[in-house]
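Worksheet: one structure, shown below.
Only the coordinates and a few stated rules stand behind these numbers; no lab work does. Since the structure is predicted, the reported quantities are computational estimates derived from the model, not experimental observations. When we count neighbours, we look across all protein chains shown, and the Cβ atoms used for this are built from the backbone with ideal geometry, even at glycine.
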Amino acid sequence: MKESILASKTQSNEVCSLTMVRRVAAMLDLDIRSFSEGDILPKGWHFFMLAGETRKSELRKDGFPGLGVTIPDLGLSRLLLGGRTVSYNGDIVIGSVVEKTSFIKSIVEKTTHSGPMAIVTIQHELRPVSEVNPIITETQTYILLGESKGPKHIEKTLCPPIEAKYQKQLTPDETLLFQYSALGFNSHKIHLDRNYAQNIEGLPDLVVNGGLTTLLLTEFIRTNLGLQIADLKVKHIAPLYCNRPLTLTAEEGEMDWKFKVYDDNNDVTVEMEATIK
């Protein structure tokens, strides 16, 4: 296993514009008129400010733009999100300007029984231009793999019913995947190009964005449970696919809350721990 740290950073000023906020609200089927300049940005909605500006000619072959940081060519053609952490140390005001700093925190390359792989961790920091310390720190961990060996078909036995106290079911469709990808300037083909997803990467359908799944969880927490998040940690176990129902669940623990996302087979695909204010 080889590990290297890349210290190069990108910095830019990002506007938490009312237009973008209302577009996120529209995507989530919320009343856009309930959001105005000067309001506090809901937790989780900062994702559009993490978008990169990668030129089309510099995209990876799978279309992934790097989200503010160019991922070096490691000879691995497939990329998926392994997890993320987010710490909220303050609030972003709609209409304000924040400074974004993004950098590759680490790259770990290893060889497994399935072949070479790499784990790339990107860190983003958002801070008001008048402040020194970030009010949001987010790390995203990506797993890079070699070429797919073709379409996969796995027969599954339906798991037992979900028994969580708090739960909500919804079905992400092509429109939701497109709108989320567009707002975050994410052109990863597994979310947008069904032919690529199925015939190149061997997936059964378009993949629901990992960031979108996290947003759906934070909205579940905000609107259905009425809670405020202080920090969260997300682990992606398996992909979720377009036009298949998923179930968001919540269980209150002694120290924090635990959240899970189940697929249409009632298998756990995402686990999230969150500290609530």
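Key figures
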read-out: Kirkwood Rh and Cα Rg combined as Rg over Rh, evaluated for the stretch 15-115; value: 1.05
read-out: Equivalent ellipsoid, the stretch 162-242 (semi-axes from 5 times Cα gyration tensor eigenvalues, Å); value: 26, 14, 11
read-out: In sequence order, calculated HN-Hα J values of the stretch 38-46 (Karplus, 6.51, -1.76, 1.60; Hz; x Gly/Pro); value: x, 6, 7, 5, x, 4, x, 7, 6
read-out: In Hz, Karplus ³J(HN,Hα) per residue of the stretch 120-128 (6.51, -1.76, 1.60; θ = phi - 60°; x = Gly, Pro); value: 10, 10, 10, 10, 10, 10, 10, 9, x
read-out: For the chain, built as a Gaussian network whose Cα springs stay under 10 Å, the top-fluctuating residue of E163, E53, E174; value: E163
read-out: Least to most buried among E271, E219 (fewest other Cβ within 10 Å first); value: E271, E219
read-out: Equivalent ellipsoid semi-axes - Cα gyration tensor, the stretch 2-276, angstrom; value: 27, 25, 18
read-out: Length-normalised contact order for the chain - Cα pairs under 8 Å, 6+ apart - percent; value: 20 percent
read-out: Net dipole in debye of the stretch 2-276 [+1 Lys, Arg Cβ; -1 Asp, Glu Cβ; about Cα centre; nearest 20]; value: 600 debye
read-out: Loop-located trypsin sites (Lys or Arg not before Pro) in the stretch 71-159, at most 12 other Cβ atoms within 10 Å (DSSP); value: K149, K152, K156
read-out: Theoretical ellipticity at 222 nm over the chain - DSSP helices of four or more residues, -39500 (n - 2.57) apiece, nearest 500; value: -3000 deg cm²/dmol
